[in-house]
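J.: My questions all concern the structure below.
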Amino acid sequence: MNKKAFIFDLDGVIVDTAKYHFLAWQKIASQLGIEFTPEHNEKLKGVSRVRSLDIILELGNIDASQVEKDQWLKQKNEDYLSYLVNMDYSEILPGVMPVLEYLKEHNQGIALGSASKNARPILEKTGILRYFEVIIDGNDVSNAKPDPEVFLQAAQKLGIENAQSFVFEDSEAGIQAANIAGMTSIGIGDAQILHEANYIFRDFTFMDLHFIESLIKK
Ligand code: B16
Ligand code: MG
């Protein structure tokens, strides 16, 4: 059987939670008097919560104690979670469902490979948890993207070779992680930011199911 691994990032690929991360980080940044723009936010995509805070503090040249950092991390996550309360099926990005359905119908390996520690509740709230045979998230890995750990674990758990694995990613760090893992990287988003990807699509509505069919047959 031609079973391949299809590994999906979550934020920015399946759902647009990046906008909620941005709002929550922006609050912390403005509290600290740091200017934090959507351009800065690009650097946080796919990056862990702890590393994201460090990047923001570096932007403002702020030295903080661990106690202060823990407080801001807690505040950021509580604020972020408050945006997720009303999340439902309607927040799944256009074009994602036909791809998940197609892969399921064709008995392909489907995994989640996300840096987020909130991945499971998001999949539950949007009602798509059942599509995923394997979930590897921020609770399972010790090395953040661009380290390939999250994708390597996903493929291994699916029992599929890295070379037979395809990764959908919206972040530069995630594309680098997939490439380092020896997987095929498929960028979802801005072609300039994701130029290192093997394939790039503006979003899933630009991806024909024939493309997925061709990956399965590869
Ligand atoms: P959390 P992904 C990543 O998810 C986000 O892109 C990134 O902005 C966020 O900081 C990270 O998850 C951690 O998320 O605070 O929920 O644990 O894109 O890898 O699915
Ligand atoms: Mg992402």
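The values are calculated or read from the model by the stated rules, or taken from the named source; none is laboratory data. Small disclaimer: the values here were computed from a predicted structure and weren't measured. Cβ coordinates were reconstructed from backbone atoms using ideal geometry, including for glycine residues, and neighbour counts include every protein chain displayed. The area values use the complete protein model at the heavy-atom level, side chains included, leaving out ligands, DNA and RNA. Shrake-Rupley method; radii C 1.70, N 1.55, O 1.52, S 1.80 Å.
J.: Quick one: which of SER116, SER165 is surrounded by 16 or more Cβ atoms within 10 Å (Cβ to Cβ), away from ligand 2 (no atom under 16 Å from the Cβ), touching a residue at least 40 places away in the same chain (Cβ under 8 Å) and at negative phi?
T.: SER165
J.: Shifting gears a bit: Does TYR89 satisfy being within 12 Å of ligand 1 (Cβ to nearest atom) and surrounded by fewer than 17 Cβ atoms within 10 Å (Cβ to Cβ)?
T.: Working: within 12 Å of ligand 1 (Cβ to nearest atom): no; surrounded by fewer than 17 Cβ atoms within 10 Å (Cβ to Cβ): yes.
In short, no.
J.: Hey, another quick one. Within the range 184-213, can you find the residues that are open to solvent by 60 Å² or more (accessible area, probe 1.4 Å), without any contact (Cβ under 8 Å) to a residue 40 or more places away in the chain and among the hydroxyl-bearing types (Ser, Thr, Tyr)?
T.: Listed by number, the list holds a single entry, TYR199.
J.: Further question on the same structure: Find the helices (runs of 4 or more DSSP H) located wholly in the range 1-83 whose residues include 1 or more that are β-branched (Val, Ile, Thr) and open to solvent by less than 30 Å² (accessible area, probe 1.4 Å), and list them.
T.: 18-31, 49-59
J.: Something else: Select from the range 123-159 the residues that are among the aliphatic types (A, V, I, L, M) and touching a strand residue (DSSP E or B) at 6+ places or on another chain (Cβ under 6 Å) and write down the one among them that is nearest to ligand 2 (Cβ to nearest atom).
T.: Within the range 123-159, the match that is nearest to ligand 2 (Cβ to nearest atom) is VAL150.
J.: Ok, one more. Condition first: at pLDDT below 95 and either among the β-branched types (Val, Ile, Thr) or in a strand (DSSP E or B) (or both). Now tell me which residues in the range 166-194 satisfy that.
T.: ILE193
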